[in-house]
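Bear in mind these aren't lab numbers, they're just calculated from the coordinates by the rules spelled out. These numbers come from a predicted model, not from an experiment. Every residue, glycine as well, gets a Cβ built from its backbone with ideal geometry; the counts of neighbours run over all protein chains shown.
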Amino acid sequence: MASSIRVRATSNGDITEVQALIQHPMDTGLVKNPAGELIPAHYIQQLKFECNGKDVFVADWGTAVSKDPYVKFSFKGAKKGDDLKISWTDNKGGSDTTTAKIA
Amino acid sequence: MTTTTGPVATRRLILQGAASVAMLGLGNLPFAATPARAAANDKYPEEAFKQKNEADAIKALYGKTAEPSDKVKLDAPEIAENGGVVPVSVTTTLDKVTSISFFVAENPFALAASYKIADGTIPGVANRLKMAKTSNLVAIVEADGKLYSATKEVKVTVGGCGG
C-alpha cells in the first residue's frame, strides 16, 4: 500500500521547511451517516517529526483537525540529504511511518 | 559405531538450539524498552481534548491562564466558506517557545491541536481546522513558561460538523 504520508522537506541553507499531507478520515464521532447512525470517532492523535535522532516537532491532534490533515513548519539544524522520519498514531491504534530525504 | 554417534549428534543439536534461543531473547530486550520510554516523554493530553469549554481546555492543558500579546500573530480568514477546512497559521517573535496550541471556542471540544516546539524549531505552524460555526479562534503560545494568546473571530457560512 502506498504511504498515507506525503512530505516535502526543503532546505535553504540553515532552515528546513517541512510540509506534510496525510490521508486520514479524521472522523469526529459526532457526524451521522446517511442511514442516521453515528460514524465512530477515528482521528490521528499524535504526529511526530524526527530528524537526526531528535523530535523536532510533535503534534497532538483532536477531532477538530480537518480531514486529510496538512501541516507546515520549519526547523534549524539539518542539512540537505538528512533523513526526516515522520510517524503518526490514531485513536484506533492505527499508525504509519515514512522517511523523507531533505532536499 | 553408528549406534553411538546418533545420540551424540542430537544432544549437540539441542544444546545449539538452546544457545541460539537465549541469544534471541537477549537481543529482543532493548527493542521492547524503547517505545515505552518514548511514550512517557510525549504523553497525549487526553483530558484537555475532552474539555468542551475553552477556559477548561486551557487549564487542563497548561494549568494556567494566558495573557493577550501582540507578539503572537494569528492568521486566519475573516470569512470561511467551508467550516470543514479553515486554513489557520501562527507565527510569533517570542523567544524560548515550547508549544503552540489552537482553540475554537464554539466547537463541541474547544482544543483543536497542540504542537510541541523543540529547541531549534522555528516557532510557527500552519494547519487546517474544522469549525462548527462562527466562533472565536484562539492561538496560545507557551514561551519561557508563560502563556501568550491571540484571538480572531472567523465567520463560518457552512459548518464543519456534518452540514
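For residue A:4, nonlocal amide neighbours, meaning residues 5 or more places apart or on other chains whose placed amide H falls under 5 Å from its own, do not occur. Annotation: amide H of residue B:134 within the under-5 Å range of B:156, sequence separation 5 or more or interchain, hydrogens built in the peptide plane. Comparing A:31, A:65, A:18 in a Gaussian network model of chain A (Cα springs below 10 Å), the most mobile by mean-square fluctuation is A:31.
Computed from label points 7 Å out along Cα-Cβ, the spacing between residue A:3 and residue A:80 is 2.0 nm. So which aspartates and glutamates pass the test for residue A:79, namely a Cα distance under 13 Å, with those fewer than 8 places away in the same chain ruled out? Correct list for residue A:79: A:14, A:17.
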